[in-house]
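Every number here is computed from the coordinates shown, using simple stated rules; none is lab data. This one's a predicted model, so the numbers in the text were calculated from it and none came from an experiment. Cβ sites come from the backbone with ideal geometry, for glycine too, and all protein chains shown count toward neighbours.
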Amino acid sequence: MARALLLTYFLLASAMASSMEPMDDEQLAMVLGQEGVQLTLRLRNNVAANGTPINCSGLLNPCRMGLEFSGRAGIWLMLKDYYGVLAINDIRLEGDLLPAANTGYQDASRFTNTAGSCLIAGCDPRGLQAVRVTYPFSKGVGEYNDFTLLMNVGRTALEFDNGATPGYMRDAATGSVLGFRMADSLSLNAPSRARFDGVAYVFGF
Amino acid sequence: MNSLRSVLLLLSVFVGVLPAAGYGLALQAMSDDEMEGVSGAGIAVALENFRFMMAPTSYMEQVGTAPTGACTGSGGVASNINCWRRGDLRWYGINLSGAQNINGSGSHWNETSTCNPADAAMTCPRGGVIGGAGGWFSPFDNPYLMRAWSPAGMAYNGSLVNTDPNNPTKTIYEYLAPTNQPDYILSFWGEIEAGATRNPALQPLSVGLGTANGGGLLKSQTIIRGNAAGSIFRLFKFTETGATPLYGETFAMFYHSRLRGDFRFSVAQSSTVNSNAVGVPVVFANNEGLHFRNVDSFLPIGQLYYQALVLNAVGTSGNFSLTLTKIPNTAAVYNRFYGLDAGDTRGYQTALTAVRDWTVSCGADQSCLNYRLSHGYIRYGNWYPASAAWAAAGTRNTINANNDGILFRACPTCANFNAFARRPIVIDKRGETFSRQRTQNYSCNTGNSGGCVVGTGGPVSSASPGDYTRTYPTTTVNLGDARVEGLMIHQLNIISCQAGGGC
């Protein structure tokens with residue numbers, strides 16, 4: 001399966017938001033990460049750098065993903081003609097505290113264990129530490145640049161192990177249950193575009 | 001590895017930093033000892049000032065395939081009769097946005113026409129941030145949860161599971177929606193295309209159009225305004241054991257859907273921003289379409305741990321099934337599933353007590369609790385006539401009410417349409433003249449002249465049987481409220497049919 005992965009890191013100091021530059025490995029190794037980070041991620045799966053799928057048509061082409069479930073040994077749910085491009089642009093992660101006042105939607109039972117005991121003090125998350133996640137850029141009307149995704153599953157069918165040949169290396173089913181795409185109508189293989197407004201607080205307990 | 005470690009380590013893989021204890025505004029690495037102090041019971045996601053929007057041109061697509069016995073002609077010819085066409089479905093601009101009552105804070109699919117997300121006629125497909133400025137889609141004190149968990153339940157063989165919370169024997173993974181959250185809008189516009197011939201991986205949407213092959217293209221808009229608080233999605237290993245199991249210990253899914261609010265489906269486009277070109281967003285006409293107002297639904301798909309959605313092969317040609325497993329013929333299981341009161345072998349009395357006063361808690365009545373966990377419902381409108389034992393208010397919808405129940409509306413500048421309904425006759429044991437077909441339904445004057453009143457004649461009176469000119473000329477017609485209660489799914493099997501040969 002042809003697969004390409006490009007991962008780029010950016011680190012953001014809070015006072016330097018307007019002067020970001022890529023860092024090399026040595027610089028990155030020196031980072032202590034006291035303020036927060038900003039990431040841009042690119043993932044290409046079976047797609048060349050120019051955006052075209054790599055050998056993803058025809059029988060038994062290498063662009064496929066197989067799922068084998070517990071209790072179903074030797075039976076593979078195959079996603080064929082499978083390729084995609086994912087981009088997460090300028091996602092920012094910072095440390096923060098949860099608010100000090102409840103919202104009016106409070107439900108303390110969300111923070112209890114199965115025996116009914118609180119997993120955090122007083123079943124009260126106010127003021128707890130959290131990871132604050134935002135997409136701070138591209139917020140104008142009509143801007144959808146936070147998350148882009150092209151995904152293609154040309155055919156879906158089950159394939160079965162056959163002797164020494166595992167099912168995921170076969171293309172015996174002549175038809176397809178379903179084809180699925182996420183894209184944009186602007187042009188062929190243009191990725192779908194989306195935006196996230198607001199703040200996500202991620203915390204464990 | 002516990003769940004908190006999972007998220008922290010996931011973050012650390014990318015950023016090399018971890019939250020500090022005692023200093024909230026900076027990220028610092030945690031020591032192993034500090035991490036050992038984390039309970040690991042869940043990952044919570046709180047969302048403030050939140051909105052998610054796909055671009056109006058971005059879509060998810062279910063791509064069809066040319067069917068066996070495909071149509072080859074168009075119009076009224078033999079080659080266009082008793083045949084099938086490929087169908088493609090596309091959902092564009094999916095968004096989760098606010099339902100705040102702020103005029104101009106929402107927008108249509110062209111992004112320049114503004115609207116009010118709380119408009120009574122549900123004219124506005126996209127709002128601002130959920131809950132308004134400073135509001136919460138997922139409150140931090142009632143957040144979305146993802147956690148590994150060991151709740152009590154019953155196995156397929158009827159044995160109890162996880163009876164001791166301190167020594168659980170089975171663990172699941174679950175996603176929980178908040179139990180209380182503000183209303184929001186989930187909407188998209190869509191295309192149904194019949195007869196397309198394009199290879200979507202190699203050809204743009206403008207090639208191989210269905211409209212060029214005797215098929216067609218229909219654009220539609222779906223707006224849901226409400227919330228899904230209390231919904232639960234779970235993953236676990238199914239509990240059927242034995243040498244020749246029906247399903248076996250396989251990957252199992254569970255979804256309890258709770259949805260409440262309003263729904264609108266429409267197809268009419270506005271007179272100013274319209275297009276029949278594939279992939280081009282349009283503005284849909286106000287008001288028009290099918291509306292469901294004041295909906296409250298609960299659909300239980302699976303039960304811990306004796307019923308679940310599982311996958312299996314169908315034959316050997318590539319097809320598969322998605323099955324909601326059947327209830328085993330084991331008294332401990334089906335008695336819990338049916339939630340029967342002692343001595344009620346048929347379930348009528350159980351159902352009566354469980355659904356009659358649905359706003360009243362079951363208390364410690366275990367049969368009532370079991371019943372309400374395994375039996376779903378869909379309620380359209382605030383319900384009229386109310387049950388005699390139910391004290392909550394219920395009012396009869398007027399014939400053209402647009403704020404409750406199930407209704408059809410025309411666009412504001414459209415002409416009247418003629419509404420007519422001949423509902424199935426409900427035979428009252430006291431005789432037909434007492435049946436609701438006669439006593440509860442509207443009867444209209446002849447000649448499509450309206451004048452509709454609730455009388456004793458019903459929509460087609462006995463005085464003029466077959467008179468289909470007794471219609472109601474209107475721009476809005478209300479069909480009334482409806483309730484589906486006791487919705488229990490004993491077994492469901494969905495089988496694919498196109499992976500190779502028939503099925």
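In summary, the aspartates and glutamates within cross-link reach of residue B:219, defined as a Cα separation below 19 angstrom excluding same-chain residues under 8 places away, comprise A:184, B:61, B:88, B:111, B:191, B:193, B:288.
For chain B, what D do you get in µm² per second when you plug the Kirkwood radius from alpha-carbon pairs into Stokes-Einstein at 25 °C and 0.890 mPa s?
On the way: Rh = 27.0 Å.
Translational diffusion coefficient: 91 µm²/s.
Checking the a/c ratio against 1.5 first, then a/b against b/c, what shape does the Cα gyration tensor give for segment A:79-205? The shape class here is oblate. Each 5 Å bin from 0 upward holds the following percent of the Cα-Cα pairs of segment A:49-141: 2, 9, 10, 10, 9, 8, 10, 12, 13, 10, 6, 1, 0.
Relative contact order of segment A:121-205: 42 percent, from C-alpha pairs under 8 Å at least 6 residues apart in sequence. If the cut-off is a Cα-Cα distance under 30 Å, which lysines reach residue B:326, setting aside same-chain residues fewer than 8 apart in sequence? List returned: B:170, B:237.
Between residue B:418 and residue B:491, the FRET efficiency estimated from the beta carbon spacing at R0 = 41 angstrom works out to 0.45.
Can you tell me how segment A:95-156 classifies by the Cα gyration tensor, rounded, prolate or oblate, using a/c under 1.5 as the rounded cut? Oblate shape, in that a/c is at least 1.5 and b/c is the bigger or equal ratio.
A cut-off under 12 angstrom between Cβ atoms defines the neighbours of residue A:61, and their net charge, with Lys, Arg +1 and Asp, Glu -1, is +1.
To make sure I understand, if each residue's beta carbon is the centre and we count other beta carbons within 10 Å, what order do B:497, B:368 fall in, fewest to most?
Working: B:497 14, B:368 19.
Listing B:497, B:368 from fewest to most nearby Cβ atoms yields B:497, B:368.
For residue B:62 and residue B:202, what is the calculated FRET efficiency with R₀ set at 25 Å and r taken between the beta-carbons, to the nearest 0.05?
Values: r = 18 Å, r/R0 = 0.72.
Calculated value: 0.90.
Each Cα pair under 8 Å and six or more residues apart adds its separation to the average, and for chain B the resulting relative contact order is 11 percent. For the peptides B:48-59, A:156-167, the ranking by mean Cβ contacts within 10 Å, running from highest to lowest, is B:48-59, A:156-167. Per-residue shielding of A:186-194, expressed as the average number of other chain Cβ atoms within 10 Å of the residue Cβ, stands at 6.
Phi angles of segment B:124-129 translate, via the Karplus equation with coefficients 6.51, -1.76, 1.60 and θ = phi - 60°, into HN-Hα couplings of 10, x, 9, x, x, 6 Hz per residue; Gly and Pro are given as x. Label sites at residue A:55 and residue B:81, each approximated as a point 7 angstrom past Cα along Cα to Cβ, lie 5.1 nm apart. Neighbour counting of Cβ atoms within 10 Å sorts the residues B:452, A:63, B:83, fewest neighbours leading, into B:83, B:452, A:63.
Assign one of three labels to the protein assembly as shown, namely rounded, prolate or oblate, based on the Cα gyration tensor with a ≥ b ≥ c the square roots of its eigenvalues; rounded applies when a/c is under 1.5, prolate when it is not and a/b is larger than b/c, and oblate otherwise. Verdict is rounded for the protein assembly as shown.
Ranked by how many other Cβ atoms sit within 10 Å of their own Cβ, fewest first, the residues B:239, B:272 fall in the order B:272, B:239. The convex hull around the C-alpha trace of segment B:205-355, projected and averaged over every direction, spans 15.4 square nanometres.
As an exercise, use a Förster radius of 30 Å and the Cβ-Cβ distance of residue B:133 and residue B:110 to find the FRET efficiency, rounded to the nearest 0.05.
Values: r = 25 Å, r/R0 = 0.82.
For R0 = 30 Å, the calculated efficiency reads 0.75.
Multiplying each eigenvalue of the alpha-carbon gyration tensor of segment B:48-152 by 5 and taking the square root yields semi-axes of 41, 24, 11 Å, largest first, rounded to whole angstroms.
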